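To start, the structure under review is shown below, and the notes come after it.
The values are calculated or read from the model by the stated rules, or taken from the named source; none is laboratory data. Remember, predicted model here, so these are calculated numbers, not experimental data. For neighbour counting, all protein chains shown are included, and Cβ atoms are generated from backbone atoms with ideal geometry for every residue, glycine included.
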Amino acid sequence: MHNFTINQFAINRYSTYPDTKLLLLLKDNDPLAFAEIYERYCQEIFKYAIVLVKIPEIAKDLVQDVFIKIWEAREKIEVEKSFRSYLFRVCHNRAYDIQKEIAQNRSLREQLINYYEPVIEPEALSQESDTPYGHLMKQALNSLTPQRRRIYEMCKNDKKSYEEVARELNISPNTVKNHMANTLSFLRDYLRQHSKLTPVLVWLLQKVF
C-alpha cells in the first residue's frame, strides 16, 4: 500500500509538468514521463489518426507506432515549437506511409473502401494552428462571409442549438440550418482542394478500379 501511494503521488505530480519538462525527463529514460505523455495525447492522436486512415484498427496501430517512435527516438527529439505539433506531424507522416502500404494490400484496400468517405469532415478537425489541418481550417473560415462564420462558430465552438443562434441573431432556425449546411459544404470542398493527404486517398481508391 505504501509503494502504491508513492507511485500514485509521482504519477499525479507528473501530470502537472509542462511538455518541456516531460521531454527532458524522457531524454533521461524516465518511464513515468513517457506514460504521462501517452496519457496526455493518445486520445487526441487517435482522433486525428481516424481522420487520416479511416480504419479504427489501423488507427490504433498508428497511434502505437507514433508513441513507439517517440520512445525509440527519445534521446534525439528536438522540438522547435510545441511538442503537440510534433506528435501530429509524426502521426501525419506515418499515416502517409501506411496509406502507401494499403495500396499494396488488397484486404486493407477493401477495408478502406468500407470506411472511406471522399470528404474530410470539417467538424472532425481542430482549428488550432499547430495541428496539420489547423491552418487550412482557419483559411477556409476566413473565406466565409461574416454572418456564416459567426453562425458556424456559435454552433461549433459555443455548442449552441439552431434555435439559440436564431434568437440571438433575430433570424429563423431554418435560416441558421441552411447557413450551416452551406458552410459545411464549402468547408468540405475547400479542405478537399487544399489538403495534401486527400489526393493520396483518392489515388488509393483508384488503384482498386
Name every residue in the range 73-92 that is without any contact (Cβ under 8 Å) to a residue 60 or more places away in the chain, of a type outside the set (Lys, Arg) and not in a loop (DSSP other than H, G, I, E, B), in order of residue number.
SER85, TYR86, LEU87, PHE88, VAL90, CYS91
Is there a residue being at pLDDT 90 or above and aliphatic (A, V, I, L, M) anywhere in the range 185-195?
no
What are the residues in the range 23-59 that are among the basic types (Lys, Arg), within 21 Å of ASP97 (Cβ to Cβ) and surrounded by 15 or more Cβ atoms within 10 Å (Cβ to Cβ), if any?
LYS54
Taking the range 110-152, which residues are modelled with pLDDT of 85 or more and surrounded by fewer than 16 Cβ atoms within 10 Å (Cβ to Cβ)?
ASN142, SER143, THR145, PRO146, GLN147, ARG150
